[in-house]
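A.B. asks: I have a structure here, written as structure tokens, and I will follow up with some questions on it.
The values are calculated or read from the model by the stated rules, or taken from the named source; none is laboratory data. In this text the structure is predicted, and so the values were computed from the model without any measurement. Cβ coordinates were reconstructed from backbone atoms using ideal geometry, including for glycine residues, and neighbour counts include every protein chain displayed.
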Amino acid sequence: MKTLFVEKKAMELRYERSCLLLYHAGKRVSSVPLAQLERIVVAPHVALSAGVLGLVAEKQVALLVLNTRYPDRTAILSGTMQGDIHRRLAQYQCHQDAAFRLHWSVLLVKLKIIRHCRLLTQLRLQRPDLRYPLTQSIEALEKIIAEMYNEQLITSLPHLRGKEGAAAALFFKAFTHVFPAALNFTGRNRRPPKDPVNVCLSLAYTLCYQESVNAIKTAGLDSALGCLHEPYYNRDSLACDLMEPLRPLVDKWVYQLFHQAVLGQEDFTIAESCLLHASGKQRFYEAFRLKAPAFRCLLRRYARYAAHIVSQHEQSLH
């Protein structure tokens with residue numbers, strides 16, 4: 001076991017020695033050695049003591065309090081930062097180098113757009129009835145990609161973010177066509193998400209963001225200091241950076257959840273916001289548990305490569 005999800009009502013986490021104890025309505029239902037866990041994901045109504053937090057931190061297990069209804073109330077507890085302080089000092093130097101930041105930001109955004117273009121191309125093969133709208137977006141994305149191969153045309157980070165935003169709008173304009181009209185998916189929205197597709201996208205992005213934070217800290221970098229994303233209060237900007245090329249893969253996975261009928265309209269309640277029912281959450285989390293190792297592996301590879309680039313930059317300065 002790597003990830004433990006605890007979200008039933010009346011659940012409580014306690015501890016004994018190096019084990020996590022799970023209680024439901026006051027009765028002990030399970031015991032999990034923390035040595036078997038990399039992370040714990042709990043719903044906001046799950047009860048736990050300060051002692052549990054201390055033990056989780058001691059054992060270097062990440063804890064995510066996931067609040068899907070109020071995303072700003074999501075809380076993350078990670079283990080202590082690993083790695084050499086000199087690597088992080090070099091990372092701070094990299095952040096002061098505008099050319100360095102722009103170069104690596106272009107590569108991240110370019111990879112994201114390429115993957116979105118590939119996804120739409122795959123969907124066009126599956127949905128020949130949607131060939132026209134998908135082809136329109138694919139061709140527009142290909143033009144943006146071609147521009148990004150000439151980095152001299154990208155003059156600044158704000159300019160690059162404008163390109164990224166335009167590409168994202170093109171992608172989601174096409175992506176909405178491949179979902180049933182009953183899902184009412186008309187584009188990306190959040191805080192709160194207003195339709196089933198956006199509920200799943202936001203939830204999956206949040207889970208992968210936590211994976212990104214953990215990967216970065218394991219690599220000995222400061223997760224708050226990125227290239228594409230500016231430092232911002234209570235945000236791990238480097239984790240957001242590494243998430244960008246992963247987003248198309250998450251988008252594809254969410255599409256498959258609905259395409260393969262893992263989830264359907266009946267699993268959601270739509271009012272002012274859209275809520276996923278308990279039975280649907282269980283299937284979502286089970287599907288994510290099976291897919292998470294692939295996402296985690298990729299994010300760890302990105303984080304290790306980022307650490308390598310920072311080390312190379314440090315050597316070039318000496």
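A.B. asks: Which numbered condition trips up Val254, out of (1) touching a Cys at 6+ places or on another chain (Cβ under 7 Å); (2) in contact (Cβ under 8 Å) with a residue 40 or more places away in the chain; (3) part of a loop (DSSP other than H, G, I, E, B); (4) not hydroxyl-bearing (Ser, Thr, Tyr)?
C.D. replies: So the condition that Val254 fails would be (3).
A.B. asks: Regarding segment 272-282, can at least one residue be identified that is surrounded by fewer than 19 Cβ atoms within 10 Å (Cβ to Cβ), assigned by TED's automatic domain parsing to the domain that holds Pro192, polar (S, T, N, Q) and not in a helix (DSSP H, G or I)?
C.D. replies: yes
A.B. asks: Is it the case that segment 103-116 has a residue that's touching an Asp or Glu at 6+ places or on another chain (Cβ under 9 Å), surrounded by 15 or more Cβ atoms within 10 Å (Cβ to Cβ), without any contact (Cβ under 8 Å) to a residue 40 or more places away in the chain and farther than 20 Å from Phe295 by Cβ?
C.D. replies: Within segment 103-116 (the criterion being touching an Asp or Glu at 6+ places or on another chain (Cβ under 9 Å), surrounded by 15 or more Cβ atoms within 10 Å (Cβ to Cβ), without any contact (Cβ under 8 Å) to a residue 40 or more places away in the chain and farther than 20 Å from Phe295 by Cβ), the answer is no, since none of the residues qualifies.
A.B. asks: A further question on this structure: May I ask you to verify whether Leu22 is touching a Ser or Thr at 6+ places or on another chain (Cβ under 7 Å), surrounded by 16 or more Cβ atoms within 10 Å (Cβ to Cβ), at pLDDT 90 or above and of a type outside the set (Asp, Glu)?
C.D. replies: yes
A.B. asks: Quickly run through segment 200-220 and pick out the residues that are over 21 Å from Gln60 (Cβ atoms) and out of contact with any Pro (no Cβ under 9 Å at 6 or more places or on another chain).
C.D. replies: Residues satisfying the conditions are Ala204, Tyr205.
A.B. asks: Turning to a different aspect of this structure: Considering every residue within segment 29-40, establish whether at least one is outside the structural domain of Val199 (by TED's automatic domain parsing), in contact with a strand residue (DSSP E or B) (Cβ under 8 Å, 6 or more places away or on another chain), hydrophobic (A, V, I, L, M, F, W, C) and within 25 Å of Tyr205 (Cβ to Cβ).
C.D. replies: yes
A.B. asks: Pairs, please: C-beta under 9 Å, at least 6 apart or cross-chain, first residue assigned by TED's automatic domain parsing to the domain that holds Leu111 and among the polar types (S, T, N, Q) and in segment 143-166, second surrounded by 10 or more Cβ atoms within 10 Å (Cβ to Cβ) and part of a helix (DSSP H, G or I)?
C.D. replies: From segment 143-166, the pairs are Thr155/Leu102; Ser156/Ala98; Ser156/Leu102.
A.B. asks: Looking only at segment 228-249, decide whether some residue is buried (at least 18 other Cβ atoms within 10 Å of the Cβ), in a helix (DSSP H, G or I), modelled with pLDDT under 90 and not assigned by TED's automatic domain parsing to the domain that holds Val41.
C.D. replies: no
A.B. asks: Conditions: (1) of a type outside the set (Val, Ile, Thr); (2) modelled with pLDDT of 95 or more; (3) buried (at least 20 other Cβ atoms within 10 Å of the Cβ); (4) more than 20 Å from the chain's Cα centre (by Cα). Leu160 meets all but one. Number of the miss?
C.D. replies: Status for Leu160: all satisfied but (2).
A.B. asks: Would you point out which residue out of Pro133, Pro196 is touching a residue at least 60 places away in the same chain (Cβ under 8 Å) and assigned by TED's automatic domain parsing to the domain that holds Gln265?
C.D. replies: Pro196
A.B. asks: Of these, Leu221, Leu263, which one is within 25 Å of Ile85 (Cβ to Cβ), at pLDDT below 95, part of a loop (DSSP other than H, G, I, E, B) and touching a Leu at 6+ places or on another chain (Cβ under 9 Å)?
C.D. replies: Sole residue among the options that is within 25 Å of Ile85 (Cβ to Cβ), at pLDDT below 95, part of a loop (DSSP other than H, G, I, E, B) and touching a Leu at 6+ places or on another chain (Cβ under 9 Å): Leu221.
A.B. asks: Also, I was wondering about something else. Do you know which of the residues in segment 115-171 that are in contact with a helix residue (DSSP H, G or I) (Cβ under 9 Å, 6 or more places away or on another chain) and not in a helix (DSSP H, G or I) is nearest to Leu102 (Cα to Cα)?
C.D. replies: My answer is Ser156.
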